[in-house]
Amino acid sequence: MNPIAATIWPREAGEIPEQGRWTYEDYCRLPDDGRRYEVLGGELYVSPAPSWKHQAALRNLSFLLGLYLEEHPLGTYGFAPIDVILPGGLATPVQPDLIFLVNERRHLIQDQVVNGAPDLIVEILSPSSEQVDRRTKLNAYAKAGVREYWLADPIERFIEVLVLRNGFYKRLGKFHSGDRVRSKTLPGFEPSIDRIFAE
């Protein structure tokens, strides 16, 4: 993820905010140019448009989750682009690839944002975002209380499932080709790795 270029900051918005001082209002001034913009701890992160493998994995996982929730109406889900505001300035906003909220927490969904921590977040890794997903976002999600975090790698074709325990993530499992993913948040949702990463 790269720092913002001055050429994409609107001149009428004044000076580009310093890293560590970005707000949601600053974020809303950014252009809709196909890049993914996120603000974590007041720092702006910029990613290029995702790859085909990334989008195929998101498409497949979204489809499979939708089928599961038709049979097991435990909550609702959404996928990028979607702004998620995490409490305490942890993210203003972050744009996870996929989120799930249990029915009891649907009130977090507002018109433009999800205002609070989802129950489950999936990030699909790419070379440009992997370090942020594995460190910065992982720490922010744990502090915000996201109960389950999936790291999906469409190149190496695995999904690592992390479950929050006592404020820290513990690995529930790392699932490869031939395996089925397991989840504590979504009991019985066990999609195959090969189906998720089919192009």
How would you rank 27-34, 82-89, highest first, on the average number of other Cβ atoms within 10 Å across their residues?
-> 82-89, 27-34
By the mean-Cβ-within-10 Å protection proxy, highest first, 39-51, 64-76 rank as 39-51, 64-76
Phi-based couplings in Hz for region 87-98 (Karplus 6.51, -1.76, 1.60; Gly and Pro marked x) = x, x, x, 5, 7, 9, x, 10, 10, x, 5, 8
Would you give the gap between the C-alpha center of region 143-199 and the C-alpha center of region 10-55, rounded to a whole Å?
-> 27 Å
Give the relative contact order (percent, whole number) for region 58-177; include only Cα pairs under 8 Å separated by 6+ residues.
-> 17 percent
Tilt relative to the chain, helix 52-71 - C-alpha long axis, 0 to 90 degrees, to 10 = 60 degrees
Rounded to whole angstrom, the alpha-carbon centroid of region 80-142 lies from that of region 58-77 at a distance of 17 Å
Work the Kirkwood hydrodynamic radius out for region 52-196: mean of 1/r over every pair of different alpha-carbon atoms, inverted, in Å.
-> 15.2 Å
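Values quoted throughout were computed directly from the atomic coordinates according to the rules given, and no laboratory measurement underlies them. What you are looking at is a predicted structure, and each value in this text was computed from that prediction instead of being measured. Neighbour counts are summed over all protein chains in view; Cβ atoms, including those assigned to glycine, are modelled from backbone coordinates with ideal geometry.
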